[in-house]
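Here the structure comes first, spelled out in structure tokens, and everything after it is commentary.
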Amino acid sequence: MQQMYSNNKIRTKRSMTGNGLAKPPLFSLENISVTYGRIKALSEINLKISKGEMIFLTGPSGSGKTTLLKLLTKDIKQTSGKLSFHGPDKLFVAPVYQDLKLLENQTVEENLWCAYDKKIYGTKKYFASEVKELTHLLAMQNRMDLKVSLANGGLRHKTAFLRALLTRPDVLIADELTASLDYDNARKMYDILNLLNVKRGLTVIWATHNRDLINKFSGKIIHLDNGRIIHSGQSCFM
Ligand SMILES: Nc1ncnc2c1ncn2[C@@H]1O[C@H](COP(=O)(O)OP(=O)(O)O)[C@@H](O)[C@H]1O
Ligand SMILES: [Mg+2]
């Protein structure tokens, strides 16, 4: 079977197919504000996110990153402004929030198998081969039998990350996913996302307060401060 994740000519391909084409936005936020009691978590946000975009949402703690993600996953509603979803019935958004929602008493492998869907994969063998390839790429293949409650922070993050990707979402939303990972591991995750972005048009919205890390990757940075977008543009990646 052809290896899905082993192509490393990713960047070339994206530059050939990307940017010039107008894509309808998946998410459109117009003058969105969110308040929690007296706290204004987001103020007059205007933002469009199109299919296939790789977005890094940056900003210090408390700047509104999680609030913005929760709007996109419909976990909360805006206080004012308009939020539109393109094709809301079909769009499949997989969030990985900081609580990870792992099955603590089950193994890493059992957690990954939660993503198995016969309609997508057909055979279990095909799903298993994808699990094998992805877990190798994240160097976790020897930890598959470990009970999740005994796993360290990095392995927990990787498990939640792969479980979300294995559901084959249109949009992956990740909240501080790399908090307990070093650069090498964050890089491995990024490479997988980049490949899926090129191969399947996966849209990625990845929130982190670690701007130094994100600047090493290629994508669009949206920087929040105190609930406002104060910068939007390509990362400094060369
Ligand atoms: N459920 C909540 N109730 C009250 N205040 C909240 C709640 N969630 C977030 N906030 C406040 O909203 C602001 C933005 O928070 P958040 O979106 O979590 O930021 P970030 O993810 O960038 O750290 C902060 O001032 C935070 O304290
Ligand atoms: Mg947060």
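Quick note: the coordinates plus some simple rules give every number you see, no bench work behind them. Owing to the predicted nature of the structure, the values given are computational and were not obtained by experimental measurement. Note that each Cβ is placed from the backbone with ideal geometry, even for glycine, and that neighbours are counted across all protein chains shown.
With R₀ fixed at 22 Å, the C-beta to C-beta distance from residue 211 to residue 36 puts the FRET efficiency at about 0.35.
Listed by chain and number, the lysines whose alpha-carbon sits under 28 Å from that of residue 125, ignoring those within fewer than 8 places in the same chain, are 9, 90, 101, 147, 158, 188, 199.
Site pair residue 188 and residue 44 shows an inter-label distance of 4.5 nm when each label is modelled 7 Å from Cα along Cα→Cβ.
Calculated mean residue ellipticity, 222 nm, the chain: -9000 deg cm²/dmol, from DSSP H runs (n ≥ 4) at -39500 (n - 2.57) each, averaged per residue and rounded to 500. In this structure, residue 152 and residue 103 have a Cβ-Cβ separation that, at R0 = 25 Å, corresponds to a calculated FRET efficiency of about 0.90. Computed from the C-beta positions of residue 226 and residue 86, the FRET efficiency with R₀ = 25 Å rounds to 0.30. Relative contact order, whole percent, for the chain stands at 29, derived from Cα pairs under 8 Å and 6 or more residues apart.
Hey, can you rank 179-190, 45-56 by average C-beta count inside 10 Å, highest first?
Working: 179-190: 16.2, 45-56: 19.1.
Output ranking for 179-190, 45-56: 45-56, 179-190.
Here is the tail figure for the chain: Cα pairs spaced more than 23 Å apart come to 50 percent of all pairs.
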